[in-house]
Amino acid sequence: MDEWIAGFEARKHTLLLNTAKTVSSAERKADPYGNSAMAALLLGLDEDMCNSVLCHVAEWFDHSHPTGRSHDGECDFAAMKLCRAFHLFRNGSLLSRHTLQRIKRFFLTQDFKSKYDSENHHLLFRTSRYLMSSVWLDSSFEAYGRAGQELAAADANWLDAYIRFRARRGWGEFDSSCYIVPDLECLFGLYDYAPSPKLRRLAEMMITVLLADMAVDSLEGMYCGPHGRIYEAHALDHRNEPSFPLQYLYFGDVPQDWLGDRGTLVDALVSDYRPPDILLRIATRRRKPYENLERKHLHNTSDVLPSQPFAGSIRKYTYWTPHYVLGCVQRQDPYPADCPGRWYSHHEQHEWDLTIAGHPRTRIFTHHPGKKGNEHGYWTGDLSCGCGYFLQHRNILLALYDIPPGEPYQYIHAYVPREAFDGILERDGLLVLRKNKVLVGLRLLGGYTWTTSGPYRDKEVISHGPRNGVICEVGLLSDYGSPEALADEMAANETSFDDKVMVLCYRSHRTGELRLNTRGLREVNGQELDLEYPTYSCPYLHSDWDSGVIDLKHGGNHARLDFRETCDDSVALKVAGLGCEQGAPADADKPRR
């Protein structure tokens with residue numbers, strides 16, 4: 001642990017310097033919420049400039065949005081950063097009296113609840129309001145017509161129920177490489193500043209769960225497999241994932257030259273949270289391949305904390321190896337017909353992904369391009385369409401696409417960046433790609449053409465037709481012998497695709513027979529898959545669905561995180577064999593910074 005602490009402090013300083021570089025009063029959109037300004041203040045850089053930036057954030061509703069959007073979209077992002085700035089600097093001299101007054105004015109007079117209903121927005125709003133109303137208990141929060149004491153009690157109850165619910169059924173924005181950042185931002189805030197020891201304990205446990213959930217799907221700091229909500233930049237290059245520098249910070253398994261000048265969430269750099277030893281072991285000491293089965297609650301924007309949650313969920317499957325990671329959404333339940341939030345299905349969702357060690361762009365996935373805009377982008381999401389169906393068993397993945405006639409793009413495409421691979425063999429409609437020790441066979445059943453111009457030149461292959469299928473097989477070069485041998489083997493494997501009834505069957509002599517259709521059939525070797533997955537299930541992380549009890553394991557070490565309503569909040573949870581406790585902070589009653 002001492003070695004980790006030394007490395008952590010060095011990485012933290014690197015990230016603090018990187019984060020502080022983007023602060024500028026002239027370019028507000030480079031630091032719209034004051035994250036970089038706080039990093040610069042901590043380094044003693046240009047206090048006047050930093051105060052000016054944070055004052056500008058506190059005057060959020062008094063000027064135009066940094067990128068021209070409406071005021072009431074990201075006002076909760078601004079609120080959470082102002083909350084951190086206030087608590088971090090209020091007892092020192094780095095924030096001017098004027099800045100502190102502007103922050104107080106923001107919270108006591110403005111409505112900082114976002115107009116957006118996705119789960120990260122609700123969490124940002126409730127956390128920032130709870131932490132600030134706990135400071136000004138006797139003051140009136142004009143926008144809500146209530147005193148701080150009343151708001152703090154209501155928000156504490158909401159946060160308690162919300163964190164416990166997410167522990168039981170997972171996060172709707174599941175494994176999001178970008179929205180994990182505001183989630184952690186809120187949890188760090190609660191861990192560092194919540195007056196309630198119970199909320200601090202819940203926040204600490206949930207931070208550990210989120211980091212463990214990320215770690216078991218990651219390779220060299222790259223967050224692999226499918227994701228709920230990402231953007232194009234994240235889909236095309238792992239280095240652009242906001243989770244990437246956080247993995248560098250906590251786990252140190254990111255190549256230094258990949259990090260570049262990336263900064264990160266200042267809250268992580270100043271928080272008192274430290275990962276327990278068992279989490280560090282899980283993140284950095286996995287050597288053997290394993291399957292990871294997960295189940296996530298459907299993201300429902302009309303009812304973020306359901307009082308009567310519906311049964312629907314996403315089943316996610318990931319096959320992890322030290323050389324590559326392949327994962328997909330095995331099944332996604334339909335939303336109930338009477339659910340107002342069902343329009344949100346597949347929003348910015350990354351349905352399957354293959355990532356190979358050695359390069360942050362060495363990845364492959366197929367996708368149906370969506371309508372222009374952020375809701376269903378050219379490389380991410382399937383909003384309003386939901387035309388993809390997936391089946392994976394270890395190193396083989398099948399996909400079917402049934403594109404409705406009204407969709408503007410009557411084709412699918414694959415991300416295949418030529419420059420990231422060591423070699424590409426093309427034979428009879430099959431792509432065989434090589435990277436280091438790994439070979440990948442990719443067949444698009446509608447055929448393919450390379451994109452030869454524009455931003456996706458030599459990165460995209462397109463397969464035309466509204467009804468299409470995909471076969472991806474991946475393994476080690478030592479298993480197949482050569483790219484040519486893999487091509488021969490896949491050509492010899494029996495493949496059948498009926499585009500009338502949309503059934504795809506692939507019989508591999510190594511893995512067996514996989515059969516998929518668009519009506520719910522998912523068979524492996526003649527057996528229907530049991531998709532009643534637990535919340536988490538892999539050698540390192542397990543939780544029965546809806547139980548609220550999450551076990552972390554590594555070797556003979558074990559930690560149990562208990563989020564149940566009935567658990568005894570006065571009892572810290574033991575991390576067996578490590579001589580430490582997981583649960584309530586050991587110094588839970590110390591004054592919070």
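The values are calculated or read from the model by the stated rules, or taken from the named source; none is laboratory data. Values in this document were obtained by computation on a predicted structure and should not be read as measured data. Backbone-built Cβ (ideal geometry, glycine too); neighbour counts: all protein chains shown.
Which of the residues belonging to region 466-487 are over 19 Å from C505 (Cα atoms) and of a type outside the set (F, W, Y)? G475, L476, L477, S478, D479, G481, S482, P483, E484, A485, listed by residue number. For region 137-155, the set of residues classified as under 21 Å from D267 (Cβ atoms) and either in the same structural domain as K104 (by TED's automatic domain parsing) or not acidic (D, E) (or both) consists of A152 only. Scanning region 259-281 for residues that are buried (at least 21 other Cβ atoms within 10 Å of the Cβ) and more than 24 Å from P182 (Cβ to Cβ) yields one hit, I278. Filtering region 227-258 to residues that are in a helix (DSSP H, G or I), at pLDDT below 95 and either buried (at least 21 other Cβ atoms within 10 Å of the Cβ) or polar (S, T, N, Q) (or both) leaves only Q256. Residues that are out of contact with any strand residue (DSSP E or B) (no Cβ under 9 Å at 6 or more places or on another chain) and assigned by TED's automatic domain parsing to the domain that holds V474 occur at least once in region 290-300. Only one entry of C505, C538 meets the criterion of being in contact with a Phe, Trp or Tyr (Cβ under 6 Å, 6 or more places away or on another chain) and at pLDDT 95 or above, and that entry is C538.
Among the numbered conditions (1) modelled with pLDDT of 95 or more; (2) within 16 Å of the chain's Cα centre (by Cα), the only one that M205 does not meet is (2). Of all residues in region 248-258, count the ones that are farther than 12 Å from H359 by Cα and either touching a residue at least 12 places away in the same chain (Cβ under 8 Å) or among the hydroxyl-bearing types (S, T, Y) (or both). Residues flagged as farther than 12 Å from H359 by Cα and either touching a residue at least 12 places away in the same chain (Cβ under 8 Å) or among the hydroxyl-bearing types (S, T, Y) (or both) within region 248-258 amount to 6. Filtering region 119-146 down to residues that are among the charged types (D, E, K, R) and at pLDDT 95 or above, which residue is farthest from H299 (Cα to Cα)? So the residue we want is D138. Of everything listed in (1) in contact (Cβ under 8 Å) with a residue 60 or more places away in the chain; (2) more than 23 Å from G228 (Cβ to Cβ); (3) assigned to a loop (DSSP other than H, G, I, E, B), the single unmet condition for S302 is (2). Filtering region 505-540 to residues that are of a type in the set (G, A, S) and surrounded by 15 or more Cβ atoms within 10 Å (Cβ to Cβ) leaves S508, G512, S537. Of the residues making up region 416-426, at least one is among the β-branched types (V, I, T), surrounded by fewer than 21 Cβ atoms within 10 Å (Cβ to Cβ) and over 26 Å from Y317 (Cβ atoms).
Residue count for region 180-220, restricted to those that are among the polar types (S, T, N, Q) and under 23 Å from D253 (Cβ atoms): 2. When we screen R281, R285, R274 for residues that are closer than 30 Å to A40 by Cα and either out of contact with any Phe, Trp or Tyr (no Cβ under 9 Å at 6 or more places or on another chain) or not assigned by TED's automatic domain parsing to the domain that holds P404 (or both), the only hit is R274.
Does any residue of region 443-459 turn out to be touching a helix residue (DSSP H, G or I) at 6+ places or on another chain (Cβ under 9 Å), assigned by TED's automatic domain parsing to the domain that holds W343 and under 24 Å from V524 (Cβ atoms)? Looking for residues that are touching a helix residue (DSSP H, G or I) at 6+ places or on another chain (Cβ under 9 Å), assigned by TED's automatic domain parsing to the domain that holds W343 and under 24 Å from V524 (Cβ atoms), one finds at least one in region 443-459, hence yes. Filtering region 339-381 to residues that are in a loop (DSSP other than H, G, I, E, B) and within 20 Å of T318 (Cα to Cα) leaves H346, E348, Q349, E351, A357, G358, H359, P360, R361, T362, T380, G381.
Evaluate the following for G429: is it surrounded by fewer than 16 Cβ atoms within 10 Å (Cβ to Cβ), assigned by TED's automatic domain parsing to the domain that holds G465 and in contact (Cβ under 8 Å) with a residue 60 or more places away in the chain? Considered against the rule, which asks whether it is surrounded by fewer than 16 Cβ atoms within 10 Å (Cβ to Cβ), assigned by TED's automatic domain parsing to the domain that holds G465 and in contact (Cβ under 8 Å) with a residue 60 or more places away in the chain, G429 comes out as no.
Beta carbons closer than 6 Å, at least 6 apart along the sequence or on distinct chains, pair a first residue in region 169-191 that is under 21 Å from D237 (Cβ atoms) with a second that is of a type in the set (F, W, Y) and in a loop (DSSP other than H, G, I, E, B) for E173/Y179.
Taking the numbered list (1) closer than 22 Å to G441 by Cβ; (2) out of contact with any Ser or Thr (no Cβ under 7 Å at 6 or more places or on another chain); (3) assigned to a strand (DSSP E or B) in turn, I314 passes all entries but (1).
Going residue by residue through region 21-32, is there one that turns out to be modelled with pLDDT under 95, of a type in the set (A, V, I, L, M, F, W, C) and crowded, with 18+ Cβ neighbours inside 10 Å? Yes, region 21-32 contains a residue that is modelled with pLDDT under 95, of a type in the set (A, V, I, L, M, F, W, C) and crowded, with 18+ Cβ neighbours inside 10 Å.
G263 meets the conditions (1) in contact (Cβ under 8 Å) with a residue 40 or more places away in the chain; (2) of a type in the set (G, A, S); (3) under 21 Å from F174 (Cα atoms) in every case but one. The failed one is (3).
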